[in-house]
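Data block below; observations after.
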Amino acid sequence: MGKQSIPSPESTKSSVLNCIDLSNPDINQSVNSLKQACLDSGFFYVVNHGISQEFMDEVFSQSKKFFSLPLKEKMKNLRNEKHRGYTPVLDELLDPDNQVHGDYKEGYYIGVEKSEGDPESNRPFYGQNKWPAPDVLPGWKETMEKFHREALEVGKAVGKIIALALDLNANFFNQPRMLGEPIATLRLLHYEGQVSDPRKGLYGAGAHTDYGLITLLATDDVSGLQICKDREAKPQIWEDVAPLKGAFIVNLGDMLERWSNCVFKSTLHRVLGNGQERYSIAYFLEPSHDCLVECLPTCKSDSNPPKFPPILCQDYLTQRYNDTHADLNIYKKQQA
């Protein structure tokens, strides 16, 4: 069966993204290509990132196994206040101005693991992860922990190129208070196959910008991701981003926009369902809790002063998560 067309009042076209090869020995070429991508769309592909295709296939396979479980079993791992665990369909509302319901997707959050005895475990976004029972999904926990570690290294490598593109030291974002102690969140996503219709306010994922430094996104071969380079345009022009086998699709987050004083902008994006099931794996990379996000010295001048006040990473993230997720109390009432 062919894909169903999505009626939409907006203009759409296909996007052509730059491709950054992390194995390229010519760092200047990578920096220039990335800088162009950041100035143009805020999205680019990353290839030869060091994570094998065999392992990527295993992560997707394990993700599908979880989402194939009965809802009652999945709800045993319902997300907690630390944003760890399962998020049901419609739990997240990313674009309240245009969405009639929440997002038609389900997800699973996995963060930086901190044991109960670690004083850091009391901080937002740190703590213990929630895991499906080993007898239900053997090997699931180990696979996701390994991917979390490997994706962090990819993110740090991309961070070095971004730093150079902003005329900073290559290790600027790898300092202890930044990606040395990051808030790094892996999120498995499953779109069940609903058909989106923007005219009716129905979306796989509503239009939004990501919150942090960068996002690494791995997808299956089902399309659905769209970007809008100009948030203020009327009507908005949406561009389809094609899946690329073995690559990460990387986009910039709000914190990088604040750091760069809007030189690099976080790009509006959304997911439209076309009737096919779709799986993706997002890895959100944010700096440490105590990192003060403020305008970089290379991005301001007397004629171009900072556009945003400084803000602590944990304060910004907490507010954004609270704004977009349903109150956990509604699930407690449903289960009562």
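The values are calculated or read from the model by the stated rules, or taken from the named source; none is laboratory data. Keep in mind that this is a model prediction, so the values were computed, not measured. Cβ sites come from the backbone with ideal geometry, for glycine too, and all protein chains shown count toward neighbours. Keep in mind that these areas ignore ligands, DNA and RNA; they rest on the heavy atoms of the full protein, side chains included. Shrake-Rupley method; radii C 1.70, N 1.55, O 1.52, S 1.80 Å.
Okay, here's what the table says:
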quantity: Histogram of C-alpha separations across region 19-334, 20 Å bin width, %; calculated: 32, 61, 7, 0
quantity: Peptides 189-199, 244-254 ordered by average Cβ neighbours within 10 Å, highest first; calculated: 244-254, 189-199
quantity: Gaussian network model of the chain, springs between alpha carbon atoms under 10 Å - residue of 299, 38, 228 with greatest fluctuation; calculated: 299
quantity: Most fluctuating residue given options 298, 267, 87, as computed from a GNM of the chain linking Cα atoms under 10 Å; calculated: 298
quantity: C-alpha center-to-center spacing [region 115-136, region 163-223] in angstrom; calculated: 22
quantity: Residues whose placed amide H lies under 5 Å from that of residue 266, excluding near-sequence neighbours; calculated: 257
quantity: Per-residue [θ]222 nm for the chain (sum of -39500 (n - 2.57) over DSSP H runs n ≥ 4, rounded to 500); calculated: -8000 deg cm²/dmol
quantity: Relative contact order, percent, region 19-334 [alpha-carbon distance under 8 Å, six or more residues apart]; calculated: 21
quantity: Chain lengthening between residue 28 and residue 320 when straightened (0.36 nm per residue, less Cα-Cα); calculated: 101.6 nm
quantity: Volume of the Cα convex hull of region 165-233, divided per residue and given in Å³; calculated: 158
quantity: ³J(HN,Hα) computed for each position of region 115-131 - Karplus, 6.51 cos²θ - 1.76 cosθ + 1.60, integer Hz, glycine/proline x; calculated: 5, 4, x, 7, x, 5, 5, 7, 7, x, 6, 10, x, 8, 6, 9, 10
quantity: Radius of gyration, Dmax [region 88-133; alpha carbons; angstrom]; calculated: 15.0, 44
quantity: Charge dipole of region 88-246 about the Cα centre (unit charges at C-beta), most positive-ward option of 122, 241, 162; calculated: 162
quantity: Long-range amide H partners of residue 78 with built H, under 5 Å; calculated: 86
quantity: D (Stokes-Einstein, µm²/s), Kirkwood Cα radius, region 25-182, 1.002 mPa s at 20 °C; calculated: 117
quantity: Accessible area expressed per residue, region 195-336, with surrounding protein chains retained (probe 1.4 Å, Å²); calculated: 41
quantity: Karplus-derived 3J(HN,Hα), 6.51/-1.76/1.60, for each residue of region 314-322, Hz, glycine and proline x; calculated: 5, 5, 5, 5, 4, 5, 5, 5, 5
quantity: Highest-fluctuation residue, 147, 55, 125 considered, GNM on the chain with Cα pairs under 10 Å; calculated: 55
quantity: Pairwise Cα inverse-distance average, inverted: Kirkwood Rh of region 137-257 (Å); calculated: 16.8
quantity: Segment residue 72-residue 120, length gained on full extension (0.36 nm per residue, minus Cα span); calculated: 14.1 nm
quantity: Simple Cβ-charge dipole of the chain, Lys/Arg +1 and Asp/Glu -1, about Cα centre, in debye nearest 20; calculated: 460
quantity: Carbon + sulfur, % of accessible area of the chain - ligands and nucleic acids excluded, 1.4 Å; calculated: 50
